[in-house]
Amino acid sequence: MALKKGVPRIVVQGGNKLAGELDVQGAKNSILPLLSATVLCQGESVLHNCPNLTDADAACRILNCLGCRCAREAKSISVNSSELINTDVPAELMREMRSSIVFLGAILGRTRQCRLSFPGGCELGPRPIDLHIMALRKMGVDIKEEHGYLNCNAPGGIHGAYISLSIPSVGATENIILAAVTAKGTTEIHNAACEPEIVDLAAFLNKCGARISGAGTGTVAIEGVERLGGAEHKVIPDRIVAATYLCCAAITRGELMLKNADYNHISALVPVLEQMGCNIYTYNTTGEDTVYINAGKILRAPYKIRTSAHPGFPTDAQPMFMALASTLKGTTVFVETIFDNRFRHAQELGRLGAKISVDDRVAVVEGVERLTGADLEATDLRGGAALVTAALFAEGTSRICGIPHIDRGYDDIVGNLKKVGADIKNA
Ligand code: UD1
């Protein structure tokens, strides 16, 4: 791959064993729906434990464009949504962040109208929003898809509905909850997503005066209320960032102590790491969990990893586990059941010497003893994290470009890995 001059890169000299302590940042996938939820609040909300991420900055720009007053101080973001002046999100802001579709339910819930550009596909293949649209229509919203825009109106108000999702979509569940909290009557979502981020969203909204029950299970009930006030809330730990650091510890055969984690949220990963031969446990003295991992010298392939909706193995952790599996004794089969096109990192891992063959949604990884440094390109967020993970093991120098993808979801991954012994820098 030809390296372009002046493009920011992460440069890694592989081979260092990681050791030490790291804090797990707040969850990106919680902050985005939480920030959009503040649109519903007629007052000020403060969200704590917000990492510095370009996706969070993009969400703040959308809030400011709507007329909310959004300000960051260190890891806290305050949003005053007393007065909204706008119900449209310009296409360029929508494009900055695919998950900006989560503003749809919140703006509609507050103003009964909204105009958004269609988010379109993304690096993980097509990301349809048919379930979001079907549900909102059932709740009385008239939605017209015109020239790449969604024009949404509910002049008669939004009403509760019985909604059964054919797929437990995280984004659709969030949008339905957001539109339902101030709707007339009760909404019931069946086959709802059970992800911890849904629980976090419901916890914040309930603090603001909403009446949501069942979040975290397959059936969520939302009893509409007249209005919401603001609230203070601490964002849950990022389980995918925790997964990334666990993989970084394991691939370097090192040991790490992850503070401010939530062990329950990563419980699907623990048996896989144990099967590989890692020693992993948790203790809780301060209210937050500390997760300890110690990777033995000889790590075995875990045979099969199949992604699925929570509480199954998260699709977002698959790329980093693939990097790790490429260095283990034996063969690992990955079956990706959530997204098409989620193995793009496999080709880049191949540049380091990983032996991976991909057929549609199945990847077969044959572990190798050595990886060697190479020039790599991150093409999506978690794929980028997988390249950083693999580069920690690879002999020699790896240079990774496509850093903006990684900055969407990691607050200073370079500084953090350096702190625990990696030879890594921004260049
Ligand atoms: C969220 C997460 C993402 C994670 C994913 C699955 C955020 C910002 N992103 O994405 O990191 O990988 O959950 O855990 O929280 N689908 C449809 N129609 C729809 C909606 C979804 O067919 O209307 C399909 C998708 O194409 C995909 C599957 O359902 O195959 C799951 O998608 P979904 O749960 O909606 O993921 P996101 O909310 O986009």
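In the range 175-194, which residue that is more than 10 Å from the ligand (Cβ to nearest atom) and closer than 14 Å to HIS310 by Cβ is farthest from the chain's Cα centre (by Cα)?
Within the range 175-194, the first condition is being more than 10 Å from the ligand (Cβ to nearest atom), and the residues that meet it are 176-192, 194.
Still in the running and closer than 14 Å to HIS310 by Cβ: 191-192, 194.
Values: ASN191: 20, ALA192: 17, CYS194: 14 Å.
Selected residue: ASN191.
Looking only at the range 163-174, decide whether some residue is in contact (Cβ under 8 Å) with a residue 12 or more places away in the chain, more than 21 Å from the chain's Cα centre (by Cα) and in a helix (DSSP H, G or I).
No - not one qualifying residue is present in the range 163-174.
Starting from residues that are within 16 Å of the ligand (Cβ to nearest atom) and surrounded by 24 or more Cβ atoms within 10 Å (Cβ to Cβ), keep the ones in the range 211-234 and report whichever is nearest to ASN49 (Cα to Cα).
It comes out as ALA215.
For the range 92-107, does any single residue satisfy the condition of being among the aliphatic types (A, V, I, L, M), out of contact with any helix residue (DSSP H, G or I) (no Cβ under 9 Å at 6 or more places or on another chain) and either surrounded by 15 or more Cβ atoms within 10 Å (Cβ to Cβ) or farther than 20 Å from ALA179 by Cβ (or both)?
Checked the range 92-107: no residue is among the aliphatic types (A, V, I, L, M), out of contact with any helix residue (DSSP H, G or I) (no Cβ under 9 Å at 6 or more places or on another chain) and either surrounded by 15 or more Cβ atoms within 10 Å (Cβ to Cβ) or farther than 20 Å from ALA179 by Cβ (or both).
Where in the range 277-351 are the strands (runs of 3 or more DSSP E), entirely inside, with at least 1 residues that are among the hydroxyl-bearing types (Ser, Thr, Tyr) and at pLDDT 95 or above?
289-295, 331-335
Can you find, within the range 265-279, the residue that is farthest from GLY254 (Cα to Cα) among those that are of a type in the set (A, V, I, L, M, F, W, C) and under 23 Å from the mean Cα position of the chain (by Cα)?
It comes out as ALA268.
Quick check on the range 390-401. Is at least one of its residues within 16 Å of the ligand (Cβ to nearest atom) and either surrounded by fewer than 21 Cβ atoms within 10 Å (Cβ to Cβ) or not assigned by TED's automatic domain parsing to the domain that holds LEU246 (or both)?
No, that holds for no residue.
Inside the range 48-143, counting only strands (runs of 3 or more DSSP E) that do not spill past its ends, which hold 2 or more residues that are in contact (Cβ under 8 Å) with a residue 24 or more places away in the chain and away from the ligand (no atom under 16 Å from the Cβ)?
Strands (runs of 3 or more DSSP E) meeting the threshold: 76-80, 113-117.
Would you check which residues across the range 159-191 are of a type in the set (Gly, Ala, Ser) and either over 20 Å from LEU32 (Cβ atoms) or surrounded by 24 or more Cβ atoms within 10 Å (Cβ to Cβ) (or both) and list them? Even if it seems obvious, please write down each step before you answer.
In the first step, residues of the range 159-191 are kept if they are of a type in the set (Gly, Ala, Ser); the result is 160-161, 164, 166, 169, 171-172, 179-180, 183, 185.
Correct list: GLY160, ALA161, SER164, SER166, ALA172, ALA179, ALA180, ALA183, GLY185.
Being modelled with pLDDT of 95 or more and surrounded by fewer than 17 Cβ atoms within 10 Å (Cβ to Cβ) is the requirement here; does ASN426 meet it?
yes
Criterion first (away from the ligand (no atom under 14 Å from the Cβ) and in contact (Cβ under 8 Å) with a residue 60 or more places away in the chain) does GLY6 satisfy it?
Spelling it out, it is not the case that GLY6 is away from the ligand (no atom under 14 Å from the Cβ) and in contact (Cβ under 8 Å) with a residue 60 or more places away in the chain.
With respect to ARG253, is the statement that it is touching a residue at least 12 places away in the same chain (Cβ under 8 Å) and surrounded by fewer than 17 Cβ atoms within 10 Å (Cβ to Cβ) true?
No.
Which residues, counting only those in the range 207-233, are of a type outside the set (A, V, I, L, M, F, W, C) and within 14 Å of ALA179 (Cα to Cα)?
ARG211, GLU223, GLY224, GLU226, ARG227
Going by what's in this entry, would VAL272 be described as farther than 27 Å from SER100 by Cα and part of a helix (DSSP H, G or I)?
Criteria met by VAL272.
MET320: more than 27 Å from GLY218 (Cα to Cα), out of contact with any Pro (no Cβ under 6 Å at 6 or more places or on another chain) and within 16 Å of the ligand (Cβ to nearest atom), yes or no?
On the way: more than 27 Å from GLY218 (Cα to Cα): yes; out of contact with any Pro (no Cβ under 6 Å at 6 or more places or on another chain): yes; within 16 Å of the ligand (Cβ to nearest atom): yes.
Taking the combined requirement at face value, the residue satisfies it.
On the basis of being modelled with pLDDT of 95 or more and either not aromatic (Phe, Trp, Tyr) or not in a helix (DSSP H, G or I) (or both), does LEU150 make the cut? Give the steps one after another, and end with the answer.
On the way: modelled with pLDDT of 95 or more: no; either not aromatic (Phe, Trp, Tyr) or not in a helix (DSSP H, G or I) (or both): yes.
When the stated conditions are applied, LEU150 does not pass them.
Anything in the range 242-262 that is in a helix (DSSP H, G or I), in contact with a helix residue (DSSP H, G or I) (Cβ under 8 Å, 6 or more places away or on another chain) and closer than 12 Å to VAL291 by Cβ? List them, or say none.
ALA242, ALA243, TYR245, LEU246
How about the range 402-423: which of its residues are free of Cβ contacts under 8 Å to residues at least 40 places away in the same chain, crowded, with 20+ Cβ neighbours inside 10 Å and of a type in the set (D, E, K, R)?
Selection gives nothing.
The values are calculated or read from the model by the stated rules, or taken from the named source; none is laboratory data. From a predicted model like this one, the values you see are computed outputs, not experimental measurements. Quick reminder, even Gly has a Cβ in these numbers, built from the backbone with ideal geometry, and neighbours come from all protein chains shown.
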